[in-house]
Amino acid sequence: MGVVLGIVMFMSLVLIHELGHFISAKKSGVKVLEFGIGIPPKVCKLRTDRSWTEYTLNLLPLGWFVRLKGEDPKDEADFNAKDSFITATIGKKILILIAGVGMNLLLAWALFTVIFTTGTQPISILPENALSSHENSYLMPTVNFLKTQWFISGDLVSTPAKIEKVSEELLGQKMGLVSWDTIISINNEPVDVWNIGSVLKTNIGKDITVLFSRDEKKIITETHCPVDNCILWLTFYAGTLNLKPIKFPLFTAMWISLKEIKAQTVLTFSALGTLGSDLISFNKDRIKTSINKLTWPAGAIKFGETLLNVGGLKLYLGFAGIISLALAIFNVLPIPALDGGRLLGVLIQWIGKLKPEKYFNVEWYINLVFFIALMALWIYILLKDLVHFRDIKIPFLG
């Protein structure tokens, strides 16, 4: 059920994004030639509407797409037509290109508002100083932030890392851990529910020795903490931490949701900055580690599945909001083939007063190369996630 819900969530978020492009193009007078389900090659045409937009079913089930008139400079008739994208005003071009990102931002804001109005728990608790004091997240807060906002009552004490749930076929289960076990130490360093994540982080890529107790007996188990998946996938009892629901009146929740978008954006760009510095470091180990940390979408679906089982629908809606925001941020990056890259191209052509038929002919090839590269990376990450999170055997990957 979690897998099905995850697939539906991802398809819905991409659909919302493409509907932004679709609706804004229609309202701007730019002809939409095709609204596709999946990625070509085309399997069949489903229908044609009154404005002669074709709705098609395509072979690769990797999302949706919108094809506008005038995007292919090889077709001179469409390229120079009055209702083509290229001949549209600069304002209409910008609107069409940012509409998808705008739809994902609006959806994230709406989902955050719903869960903050009805009351929710955090998705995860971050280490202290993960965000500045002005950009604290309510869905991924620190313990001190929760205390200052009065969502924690009582004193915070060291809470034993007693296991509530072990995710199937993942690292924790392979180590032989079961519910009610209590992890005492990792590589001789004492742990509790508050520091176990940071202790694991210091042991990425190393062999680890885990000491835990079961029925008053102490047991030692050993495993390797892989660089691409050093996560135990365990749920722990909160113990003495009395966490109140994070809940606000409607209009306050709407404002808090905007602050949450800002906080999640800071977290995302921080992670992107780390990824970028690793990729340009020319250090093979750092590059490999960073690429292996990328997860999308099978890993995200697995996390959402666990979140649904542990936290219920409200937390899952919050997770969907974070994924919608991540889609918006990713698409706004100035990378060819993405909305941000295409927007940059439109601005360069407009500011430089370059001839569209020459500039966009070159850009079309650049976008094609980057699209193929991004799709290859997407497929690689998908296969890698299937190996690690679904235990599917794939040649050369596992």
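The values are calculated or read from the model by the stated rules, or taken from the named source; none is laboratory data. Model, not experiment: these values are computed from the prediction. Cβ placement follows ideal geometry from the backbone for every residue including glycine, while neighbour counts extend to all protein chains displayed.
The table that follows gives values for the structure above.
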{"quantity": "Test: residue in the range 314-322 that is under 27 Å from GLU260 (Cα atoms), at pLDDT below 90 and either in contact with an Asp or Glu (Cβ under 8 Å, 6 or more places away or on another chain) or of a type outside the set (S, T, N, Q) (or both)", "calculated": "yes"}
{"quantity": "Long-range neighbours under 7 Å by Cβ, at least six apart or interchain, first residue within 18 Å of GLY70 (Cβ to Cβ) within the range 336-351, second of a type in the set (Asp, Glu) and part of a helix (DSSP H, G or I)", "calculated": "GLY345/GLU363"}
{"quantity": "Residue list for the range 251-308, restricted to those being of a type in the set (Val, Ile, Thr) and either touching a residue at least 24 places away in the same chain (Cβ under 8 Å) or farther than 23 Å from LEU382 by Cα (or both)", "calculated": "THR252, ILE256, ILE261, THR265, VAL266, THR268, ILE280, THR289, THR295, ILE301, THR306"}
{"quantity": "Matching residues in the range 339-350 - criterion: being within 13 Å of LYS93 (Cβ to Cβ) and not charged (D, E, K, R)", "calculated": "LEU343, LEU344, GLY345, VAL346, LEU347, ILE348, GLN349, TRP350"}
{"quantity": "Contacts under 9 angstrom Cβ, first residue in the range 1-27 being over 14 Å from LEU97 (Cβ atoms) and β-branched (Val, Ile, Thr), partner at pLDDT 95 or above and exposed (fewer than 15 other Cβ atoms within 10 Å of the Cβ), 6 or more apart", "calculated": "ILE16/LEU106"}
{"quantity": "Any helices (runs of 4 or more DSSP H) falling wholly within the range 249-352 and containing at least 1 residues that are closer than 23 Å to THR113 by Cβ and hydroxyl-bearing (Ser, Thr, Tyr)", "calculated": "250-279, 298-332"}
{"quantity": "Given (1) surrounded by fewer than 17 Cβ atoms within 10 Å (Cβ to Cβ); (2) within 22 Å of VAL101 (Cβ to Cβ), number of the condition LYS353 does not satisfy", "calculated": "(2)"}
{"quantity": "Qualifying positions in the range 37-84 - within 24 Å of MET375 (Cα to Cα), assigned to a loop (DSSP other than H, G, I, E, B) and touching a strand residue (DSSP E or B) at 6+ places or on another chain (Cβ under 8 Å)", "calculated": "LYS69"}
{"quantity": "LEU177 being crowded, with 18+ Cβ neighbours inside 10 Å, touching a strand residue (DSSP E or B) at 6+ places or on another chain (Cβ under 6 Å) and modelled with pLDDT of 85 or more", "calculated": "yes"}
{"quantity": "Subset of the range 182-198 (residues that are at pLDDT below 85 and not small (Gly, Ala, Ser))", "calculated": "ASP192, VAL193, TRP194, ASN195, ILE196"}
{"quantity": "Tabulated pairs, the range 85-100, first under 13 Å from ARG342 (Cβ atoms), second of a type in the set (Lys, Arg) and buried (at least 16 other Cβ atoms within 10 Å of the Cβ), C-beta under 8 angstrom, 6+ apart or interchain", "calculated": "PHE85/LYS69; PHE85/LYS93; LEU97/ARG342"}
{"quantity": "Failed item, numbered, when TRP64 is tested on (1) closer than 21 Å to GLY345 by Cβ; (2) modelled with pLDDT under 95; (3) aromatic (Phe, Trp, Tyr)", "calculated": "(1)"}
{"quantity": "Condition met for VAL4 (at pLDDT below 95, under 27 Å from THR306 (Cα atoms) and in contact with a Phe, Trp or Tyr (Cβ under 7 Å, 6 or more places away or on another chain))", "calculated": "no"}
{"quantity": "Any hit, the range 35-53, residues being hydroxyl-bearing (Ser, Thr, Tyr) and closer than 23 Å to LEU327 by Cβ", "calculated": "no"}
{"quantity": "Residue ID - surrounded by the most Cβ atoms within 10 Å (Cβ to Cβ), chosen from residues in the range 211-248 that are of a type in the set (Asp, Glu), assigned to a loop (DSSP other than H, G, I, E, B) and at pLDDT 75 or above", "calculated": "ASP215"}
